[in-house]
């Protein structure tokens, strides 16, 4: 039976990556290393290290690109706001979610044991591979190429990713924001409920200083309140920024 050479296997993996993402590695070995989980190196003769070093590099490249994007986009954000927002876009949960959506998890090289134990869907493995691929692209073609990939797979989804209220406590942030300015705590009100009992949707508004500054809907009161708080926080910060700009 014909057995693929190592070079052929590398080329096939690089071609699969090219079909998915439109980037052709000049050095396919970098891509293979980026997709090699440490479990794979003990059971195969690819003579490559695991992706852990590339993960380290990719983490820094990703952080830089996301930081620059947020810095330019949100001129009204202070350092704390930028840090919290960046943390959502670069954390393990986000990277794993994106990795599954774009199918990168299907390219990761795992041992058969790791595969059987669910490694291909494990968040830590997928997020590490995402960072390693970014690091590999940086070494292969530089910052511009890796930034283009980050824009394509993460920044293009940023609105959706940041709207995931499960990753951020917007109610807590809104309360902290108001208290730091000597204002009363926010007041949440369910204004309507729609749908059958088993699929009920709650519609909530939040009032700050007596005015409605945000609204949100969700399958639970908590989810709706989180979304209302997120909208209120964005509105209040934009308002504050506009007033500061006028003074300047």
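Only a single criterion out of (1) crowded, with 17+ Cβ neighbours inside 10 Å; (2) touching a helix residue (DSSP H, G or I) at 6+ places or on another chain (Cβ under 7 Å) is not satisfied by residue 27, namely (1).
Among the residues in region 36-46, are any free of Cβ contacts under 8 Å to residues at least 40 places away in the same chain, in the same structural domain as residue 119 (by TED's automatic domain parsing) and part of a loop (DSSP other than H, G, I, E, B)?
So the first thing to find is which residues in region 36-46 are free of Cβ contacts under 8 Å to residues at least 40 places away in the same chain, and the list is 38, 41, 45.
Add one more test, that the residue is in the same structural domain as residue 119 (by TED's automatic domain parsing), and what stays is 38, 41, 45.
Adding the requirement that they be part of a loop (DSSP other than H, G, I, E, B) leaves 45.
Yes, that holds for at least one residue.
Taken together, the residues in region 45-92 that are surrounded by fewer than 15 Cβ atoms within 10 Å (Cβ to Cβ), over 20 Å from the mean Cα position of the chain (by Cα) and closer than 24 Å to residue 136 by Cβ amount to 4.
Only one entry in 242, 164, 197 is loosely packed, with under 14 Cβ neighbours inside 10 Å, at pLDDT below 95 and either within 23 Å of the chain's Cα centre (by Cα) or in the same structural domain as residue 104 (by TED's automatic domain parsing) (or both), namely 164.
Each residue in region 67-82 was checked for being under 20 Å from residue 147 (Cβ atoms) and assigned to a helix (DSSP H, G or I), and 8 pass. Inspect all residues belonging to region 97-120 and state whether any of them is closer than 23 Å to residue 32 by Cα, touching a strand residue (DSSP E or B) at 6+ places or on another chain (Cβ under 7 Å), surrounded by 17 or more Cβ atoms within 10 Å (Cβ to Cβ) and not assigned by TED's automatic domain parsing to the domain that holds residue 234. Yes: region 97-120 contains one or more residues that are closer than 23 Å to residue 32 by Cα, touching a strand residue (DSSP E or B) at 6+ places or on another chain (Cβ under 7 Å), surrounded by 17 or more Cβ atoms within 10 Å (Cβ to Cβ) and not assigned by TED's automatic domain parsing to the domain that holds residue 234.
The values are calculated or read from the model by the stated rules, or taken from the named source; none is laboratory data. The shown structure was predicted, so the numbers you read here are calculated from the model rather than taken from an experiment. Note that we place each Cβ from the backbone using ideal geometry, even for glycine, and neighbour counts take in every protein chain shown.
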